[in-house]
Structure formats: structure tokens, C-alpha cells
Amino acid sequence: METVILAVVIAVVVLAVLGGLVVGSRRKKPLPPPPPAAPDITAPPAEPHVGDEAETPRDEPRRTIEEVDLPDGGSTGTAVEEPPLVPPLEVPELEVPEPTEGRLVRLRARLSRSQNALGKGLLTLLSREHLDDDTWEEIEDTLLTADVGVAPTQELVERLRERVRVLGTRTPEELRALLREELLKLVGTEVDRTVKTEPDDRKPGIVMVVGVNGTGKTTTTGKLARVLVADGRTVVLGAADTFRAAAADQLQTWGERVGAHTVRGPEAGDPASVAFDAVKEGKEMGVDVVLIDTAGRLHTKTGLMDELGKVKRVVEKHAPLDEVLLVLDATTGQNGLVQARVFAEVVDITGIVLTKLDGTAKGGIVVAVQRELGVPVKLVGLGEGADDLAPFEPEAFVDALIGD
């Protein structure tokens with residue numbers, strides 16, 4: 001019995017020792033480190049919204065509207081300056097061209113100062129006591145040098161010789177009257193020199209301007225528009241010179257000055273198309289006159305001259321041309337006659353415009369070109385001014401040639 005109790009005691013002791021070893025071994029193993037604590041994150045300050053103050057509002061005493069002193073209606077407070085108003089775009093004022101009457105007076109004076117060398121030379125020769133063959137040859141040379149032309153010169157000399165022989169006496173007054181009479185016969189006083197812009201059966205009148213490069217053709221077209229506007233006409237300009245880059249701009253500038261509408265096309269475009277559109281718009285707008293500026297082509301280029309004929313044919317699909325004005329530089333002399341002849345073969349020239357008929361030109365070109373083409377000089381230009389274009393008056397021209 002005692003042996004059983006002893007065995008039980010020993011078994012309990014062994015179990016106690018084994019339990020202590022197990023517990024001890026567990027305490028010796030290191031425990032895993034605890035997870036790190038989350039850092040304190042400070043939230044960024046919220047951005048202000050529309051209407052929020054830039055800083056934290058402070059408690060301030062507030063007043064009601066009844067407690068606030070408002071300014072009287074009549075008191076002068078600080079005026080809030082309004083931004084200056086942007087001025088509207090200025091519309092250029094239309095120019096008022098000089099009327100024809102005043103322009104003619106000024107041109108007569110200028111012509112008298114610059115063109116009386118021919119007349120004075122002839123009067124000096126005719127005033128000699130003995131008019132022998134040598135003197136008459138000098139008279140012929142004077143006329144030829146003035147670009148009068150061979151045939152007109154011979155006719156004038158023959159008439160002068162006959163008149164002087166019949167008269168016998170040759171006082172200065174008689175010689176001046178004689179020379180004036182004979183020069184007027186050469187220039188022509190019975191020819192109609194009116195620029196036809198008012199057809200009876202339709203509107204508008206159609207005028208085509210042709211000429212060689214450098215004669216002042218585009219400028220003449222613009223000046224003619226001023227003449228017509230000064231006479232109370234309405235005008236449309238057709239910029240059919242599409243070969244020269246600045247021609248359309250130049251013509252449009254002339255038109256804007258007097259309120260004339262300009263029809264233009266693309267650079268290097270079809271001139272006939274521009275001319276056609278100009279007449280079409282002129283009809284739609286109900287204007288009085290359409291002026292068509294053509295290219296200043298060289299008369300030696302056959303293809304370009306053919307195109308000039310095409311422009312004329314296309315325009316006449318609307319209506320016949322009322323005027324075809326040939327612009328000639330008066331300083332070119334006999335070369336201008338060659339140009340005139342070729343242009344007359346392409347289009348039916350109805351009138352001539354002589355530009356630069358100032359001190360450098362020779363007045364006899366008026367006689368020569370009329371005799372060559374069989375059409376009258378209708379307009380003359382005597383300067384670079386905008387109103388230096390006027391109708392040609394034979395009496396004023398001859399009076400300027402022979403002087404006072």
C-alpha cells in the first residue's frame with residue numbers, strides 16, 4: 001500500500017517538473033515587436049472658396065445699416081473713373097473734286113506758261129522783213145521739231161505762204177491772228193470732243209481705257225472718275241489690269257477718295273472676267289458710268305493685244321462700249337503714233353487722252369495723233385495733281401501756243 005502511494009507521489013513530482021520545463025522554454029522565446037504606431041498627420045488648411053476671407057475671421061463689432069452714416073446725394077464723394085471709351089474707326093471723308101470750270105482756268109494758265117515756245121518761234125520767223133525760202137524751211141523745221149508731223153506741216157506752210165503773199169503787210173497783230181486761224185484749222189474745231197458717258201437708251205455708260213505701260217493709264221482712269229463725280233455722276237471702276245500687282249490697289253484708292261465702287265479680281269486672273277463683272281455690278285447698282293482700266297500691255301506682244309480684243313468682246317455681251325479712250329504720253333512723240341496705230345487695229349479707238357502735256361512735251365503731237373487715227377483728243381493732263389485732267393479745248397490750246 002505504501003508502495004502504491006509512493007509511486008503516485010513520484011508520478012506527481014515528475015509531471016510537475018515536466019510542466020515547469022515547458023513553461024520555462026516558452027518564456028525564453030522572444031515575442032515579435034508590436035506594430036509601429038501610426039504617425040499623427042496634420043491635415044493641410046483648406047483653401048479658401050469664393051467669398052472667404054484671406055485670414056481667420058476675428059470677432060469684431062458689427063453695425064447695422066441704420067448705424068452707418070451714408071453720404072448725402074449732393075455731397076462730393078470720390079468719383080470712380082470710368083475707362084475711356086475707344087473712339088470708333090474714322091471713316092475717311094470723301095474728297096470733293098474741283099469742278100470742270102475751275103480746273104480749265106488753272107490748266108489754261110499752266111499750258112500758256114509751258115507750251116508757247118512753238119508759237120513764239122513761228123511768230124518770230126513770220127515777222128522777218130523778207131520771207132525767203134530759207135525762212136520757210138526754218139518754219140517747217142520748227143513745226144517738225146514740235147511733232148506736228150510731215151503732212152500737217154506741209155499743209156500749214158503752204159497756207160501760210162499764200163496768206164502772207166496775199167496780205168502783203170505783216171503787223172504783229174495780223175500775224176498772230178493769221179497763225180491762230182491756221183493752227184485752229186489743223187487742230188480742228190468742228191469735232192465733237194465730248195466723252196460719251198450717257199447713252200440715251202440704257203444705263204450705265206461703259207468706257208474702256210487702254211494704253212501702253214507708263215503712259216499714266218490707271219491714274220488717268222482715276223482722274224476721269226473724279227471729273228465725272230464732280231459733274232454729279234455715279235461711277236463703278238473695273239480693275240481689269242490684273243497683270244500689274246499694284247494696279248488694282250491704285251485704282252481702288254482713287255475710287256475710295258470720291259466714293260466710287262471698285263470691282264477687282266485675283267492677281268493674274270482673267271481681265272475679261274473682271275470687266276464683265278464690273279459692268280454687271282454697275283447695272284445692278286444703277287450707276288451712271290462704268291470705267292474699265294485694262295492692262296498697260298506692250299503693243300509689240302501680239303498675244304496680249306489679242307486679249308485686249310477679248311476684253312472688248314466680253315464687255316459687249318452686256319452692252320456696246322460708249323467710249324474707248326487711248327492714253328498716250330505726249331512726251332513720246334512719234335513713238336506714240338506707232339503705239340496708237342497698233343491699238344487702233346485691235347479696238348475701235350473713239351478718243352485720245354494726252355498725258356504729261358507740260359513743258360517737256362511738244363504741242364504738235366495733238367495735231368499728229370489726230371491726223372494719224374482720225375479721232376479727236378478729248379482729254380489732256382498737264383500735271384501730277386488729282387484734278388489736273390480736263391477736256392481738251394482747241395481754242396485754249398492754240399492761244400497757249402502762240403502766247404499773248
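Only the coordinates and a few stated rules stand behind these numbers; no lab work does. In this text the structure is predicted, and so the values were computed from the model without any measurement. Positions of Cβ are backbone-derived with ideal geometry, glycine not excepted, and every protein chain shown enters the neighbour counts.
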Worksheet item: Residue by residue through segment 314-324, which ³J(HN,Hα) values in whole Hz follow from phi under the Karplus form 6.51 cos²θ - 1.76 cosθ + 1.60 (θ = phi - 60°), with glycine and proline marked x?
Response: 5, 4, 6, 5, 7, 6, x, 6, 8, 9, 10
Worksheet item: Mean shadow of segment 185-239, computed from the convex hull of its alpha carbons, in nm²?
Response: 5.6
Worksheet item: Nearest 20 debye, what's the magnitude of the dipole of segment 256-400 about its Cα centre given +1 on Lys and Arg Cβ and -1 on Asp and Glu Cβ?
Response: 500
Discussion item. Using only the Cα atoms of segment 264-404, what are the Rg and Dmax in Å?
Written reply: 16.6, 52
Worksheet entry | Percent of Cα-Cα distances greater than 25 Å, calculated over segment 124-264 | 53
Worksheet item: Which whole-number percent gives the relative contact order of segment 158-246, counting Cα pairs below 8 Å spaced six or more residues apart?
Response: 12
Worksheet item: For the pair Asp192 and Arg161, how long in nm is the line joining their label points, each one 7 Å along Cα→Cβ?
Response: 3.8
Worksheet item: Rounded to two decimals, what ratio of Rg to Rh does segment 240-339 give with C-alpha atoms and a Kirkwood Rh?
Response: 0.97
Discussion item. Filter Lys120/Lys312; Lys312/Lys378; Lys185/Lys310 down to the pairs with a C-alpha to C-alpha distance above 32 Å, please.
Written reply: Lys120/Lys312; Lys185/Lys310
Fill in: Estimated distance in nm for a label pair at Glu129 and Ala151, the labels positioned 7 Å out from Cα along Cα-to-Cβ
4.0
